[in-house]
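**Student:** The structure that follows is given in the form of structure tokens.
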């Protein structure tokens with residue numbers, strides 16, 4: 001099974017992105033700070049060009065956000081077996 005990008009955020013980072021209409025790229029994990037609806041999907045990523053940017057709430061619904069207080073901003077592919 002291919003690796004999925006999991007966005008790891010502290011609770012404070014998640015709440016800030018939620019309040020500021022932020023999101024993340026489901027392909028590369030780049031964070032988009034603002035300008036997205038919470039349920040946005042398929043927006044273009046400025047970092048990698050993929051049309052995989054989603055609003056932060058959509059990322060949660062898709063199971064792509066892991067809240068890890070004390071660990072900030074680590075993003076990238078992980079194996080589903082982890």
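**Student:** Kindly indicate whether residue 12 is within 13 Å of the chain's Cα centre (by Cα) and either at pLDDT below 95 or not in a strand (DSSP E or B) (or both).
**Tutor:** no
**Student:** Kindly indicate whether residue 50 is in contact (Cβ under 8 Å) with a residue 24 or more places away in the chain, under 15 Å from residue 6 (Cβ atoms) and either in contact with a strand residue (DSSP E or B) (Cβ under 6 Å, 6 or more places away or on another chain) or not in a strand (DSSP E or B) (or both).
**Tutor:** no
**Student:** Looking only at segment 53-82, filter to residues that are at pLDDT 85 or above and assigned to a loop (DSSP other than H, G, I, E, B); which one of those is farthest from residue 9 (Cα to Cα)?
**Tutor:** Looking at residues that are at pLDDT 85 or above and assigned to a loop (DSSP other than H, G, I, E, B), I get 62.
The values are calculated or read from the model by the stated rules, or taken from the named source; none is laboratory data. Just so it is clear, the model here is predicted, and its values are computed rather than measured. Note that each Cβ is placed from the backbone with ideal geometry, even for glycine, and that neighbours are counted across all protein chains shown.
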